Amino acid sequence: MTDSRPQRKLSGILKWIARMFLHFLAISVLTILTQVGGISYILFLLVKRFYNNKKLSIWHRIGWNTLVFMLIFLFVNIVIVPPLAKQISGRIPLPYFNTKHSNIKPANIFTCLLNRHYVKPGMKDLLKDMEKEMNQGEKQKLQWLYLDANFPFIDGFPLLPHRSHDDGRKLDIAFFYKKKNGEQYKRRVSFLGYGVCEGPSGKEVNYPKICRDKGYWQYNILEEITSQKSIKKYPFDKERNKKILQKLATDKRVRRIFIEPHLKTRLGLGGYSKIRFHGCPAVRHDDHIHIEI
């Protein structure tokens, strides 16, 4: 009779290696996406040792494990990370929701859940000041939708897919759009907040085409995968966008602003040297404003 113990031992070793690989993969992906998600996953694995019940069905175990991980993840992100980020890297979170005193919020709540909403205090102050100035003369308070900012820790840690956004001094904000009656459209125009583009007209310089022809396939990718229907219903607000860009470009705290060159021309902003072209290796910037302090 053949002894099957070596075979069972080898099978056990292979299962352990596969399990360790999957854990490593989960930690890596969560770290890339959220910076601290890998730590939350390690905490989950430690906690899991105290409650894991193999008598439950596989679907009950998956549901229970998912719930426990999400609770740990939210606790770490909401309770632990903000004070640590302020202490260690001097970065603070932008608001999750509108408040009584401010209409600044993320275009997508996943921006906050993925820890992509951290900035230096100076950036948050700048945003609040711009909000106050822009509300002057408005019948209703404007809604400010921010997009990607930075992770909470470590200068140079990449916020993919951005080329910068790695030091707390960068922030993307959504353009202003309007309804037919001229009032601000206060919701995001796409799921991510990116991708709905105010493209170049006939005689304007067409960097989306120039960059595509040079082989920079990523330059137009968000427009290609995002429906453009909403911009027909809620058009680009030239007046408000020009006003905020002028205010940002004349503020001493602002170092650089990136938008597409055709929008700089269209809005009559040629005299503002801080408003620049970001280059073909990036992605197009006629769907948001990039600010650096």
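For segment 256-275, the candidate set comprises residues that are without any contact (Cβ under 8 Å) to a residue 40 or more places away in the chain and surrounded by fewer than 16 Cβ atoms within 10 Å (Cβ to Cβ); within that set, the residue that is nearest to the chain's Cα centre (by Cα) is Ser273.
The condition (being aliphatic (A, V, I, L, M), crowded, with 16+ Cβ neighbours inside 10 Å, more than 26 Å from Pro161 (Cβ to Cβ) and modelled with pLDDT of 95 or more) is satisfied by just one residue among Ile72, Ile39, Ile80: Ile72. Lys209 meets the conditions (1) free of Cβ contacts under 8 Å to residues at least 24 places away in the same chain; (2) assigned to a loop (DSSP other than H, G, I, E, B) in every case but one. The failed one is (2).
Residue-by-condition table, conditions (1) at pLDDT 95 or above; (2) surrounded by fewer than 14 Cβ atoms within 10 Å (Cβ to Cβ); (3) in a loop (DSSP other than H, G, I, E, B):
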{"site": "Met1", "(1), (2), (3)": "no, yes, yes"}
{"site": "Trp16", "(1), (2), (3)": "no, yes, no"}
{"site": "Met20", "(1), (2), (3)": "no, yes, no"}
{"site": "Val29", "(1), (2), (3)": "yes, yes, no"}
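Against the criterion of being within 23 Å of Leu127 (Cβ to Cβ) and either of a type in the set (Phe, Trp, Tyr) or touching a residue at least 24 places away in the same chain (Cβ under 8 Å) (or both), Ser40 does not qualify. For the list (1) assigned to a loop (DSSP other than H, G, I, E, B); (2) in contact (Cβ under 8 Å) with a residue 24 or more places away in the chain, I need the number of the one condition that Lys252 fails. Going through (1) assigned to a loop (DSSP other than H, G, I, E, B); (2) in contact (Cβ under 8 Å) with a residue 24 or more places away in the chain one by one, Lys252 breaks only (2). If only residues of segment 139-194 that are among the basic types (Lys, Arg) and within 18 Å of Phe258 (Cβ to Cβ) are counted, the one that is surrounded by the fewest Cβ atoms within 10 Å (Cβ to Cβ) is Arg163. For segment 213-239, the set of residues classified as at pLDDT below 95 and of a type in the set (Lys, Arg) consists of Lys229, Lys232, Lys233, listed by residue number. So which residues in segment 172-204 are hydroxyl-bearing (Ser, Thr, Tyr) and not in a loop (DSSP other than H, G, I, E, B)? If the condition is that a residue be hydroxyl-bearing (Ser, Thr, Tyr) and not in a loop (DSSP other than H, G, I, E, B), then Tyr177, Tyr185 are the ones that fit. Within segment 47-85, restricting attention to residues that are among the basic types (Lys, Arg) and part of a loop (DSSP other than H, G, I, E, B), the residue that is farthest from the chain's Cα centre (by Cα) is Lys55. Checking Lys247 against (1) assigned to a loop (DSSP other than H, G, I, E, B); (2) at negative phi, which test does it fail? All conditions are met except number (1). Of everything in segment 86-112 that is part of a helix (DSSP H, G or I) and surrounded by 19 or more Cβ atoms within 10 Å (Cβ to Cβ), the residue that is nearest to the chain's Cα centre (by Cα) is Thr111.
Annotation note: of Gly90, Gly168, Gly195, Gly202, the sole residue that is in contact with a strand residue (DSSP E or B) (Cβ under 9 Å, 6 or more places away or on another chain) and small (Gly, Ala, Ser) is Gly168. Within segment 201-253, the residues that satisfy the criterion of being small (Gly, Ala, Ser) and within 22 Å of the chain's Cα centre (by Cα) are Ser227, Ser230. Taken over segment 129-150, residues that are over 15 Å from Tyr96 (Cα atoms) and part of a loop (DSSP other than H, G, I, E, B) amount to 7.
The values are calculated or read from the model by the stated rules, or taken from the named source; none is laboratory data. Just so we're clear, the structure is a prediction, and the values are computed from it rather than from any experiment. All Cβ positions, even for glycine, are placed from backbone atoms using ideal geometry, and neighbour counts span all protein chains on display.
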